[in-house]
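Quick notes on the structure that follows.
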Amino acid sequence: MFILASMAILPTIHAYEYPYLTFENTDGTKMSVVVESLVLTINDGHIVATNTNGSLPLPLSTLGKMYFSTSGSTGINANDIQADEEVEAYSTTGVSMGKYDNITAARQSLPCGIYLIKTKRATQKITVK
């Protein structure tokens, strides 16, 4: 009876009160997605987070934890990639689109869409129009 009474006193917290779901990898890097209209699926060793912004595949093998949060952390920072760095492009579904000498070459070669561009030290999201 005491436990039930105690539970009535504690504030209720709901996942919909948090705007982001944050994924933290085993190396400490974090990536957040907007919770609104979010659908999570598991496919081919990835957890795929899909919302109105698109789909983001995250490898289950490197996932440390995931939690709801009030602030987002994309892990993708604009302008982190230097113009002369070799890059690898990935589609939003996680498919490698190839390696390129630099980000400019990737932009010129890729079809229209949204891509994750990775180097040895950074990841950046780009839009090719």
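Counting only residues that are assigned to a helix (DSSP H, G or I) and open to solvent by less than 40 Å² (accessible area, probe 1.4 Å), the range 89-111 holds 3 of them. Could you run through the range 103-120 and say how many residues are among the basic types (Lys, Arg) and modelled with pLDDT of 85 or more? Residues that pass the stated criteria total 2. Only residues that are surrounded by fewer than 10 Cβ atoms within 10 Å (Cβ to Cβ), modelled with pLDDT under 80 and more than 12 Å from Phe68 (Cα to Cα) were counted across the range 1-39, and they come to 14. Here Ile47 fulfils each of the conditions (1) exposed (fewer than 15 other Cβ atoms within 10 Å of the Cβ); (2) in a strand (DSSP E or B) apart from (1).
When every residue of the range 95-102 is checked against the conditions, at least one turns out to be among the aliphatic types (A, V, I, L, M) and at pLDDT 90 or above.
Residues that are touching a residue at least 24 places away in the same chain (Cβ under 8 Å) and assigned to a strand (DSSP E or B) within the range 112-125 comprise Ile114, Tyr115, Leu116, Ile117, Lys118, Thr123, Gln124, Lys125, listed in sequence order. Can you name the residue in the range 51-75 that is at pLDDT 85 or above and polar (S, T, N, Q) and is also least open to solvent (accessible area, probe 1.4 Å) among such residues? Residue satisfying both the conditions and the ranking: Thr62.
The values are calculated or read from the model by the stated rules, or taken from the named source; none is laboratory data. Computed from a prediction, not measured in an experiment: that's the story for all the values here. We place every Cβ from the backbone using ideal geometry, glycine too, and count neighbours over all the protein chains shown. When the accessible area is computed, the model is the full protein with side chains, heavy atoms only, and any ligands, DNA or RNA have been set aside. Shrake-Rupley method; radii C 1.70, N 1.55, O 1.52, S 1.80 Å.
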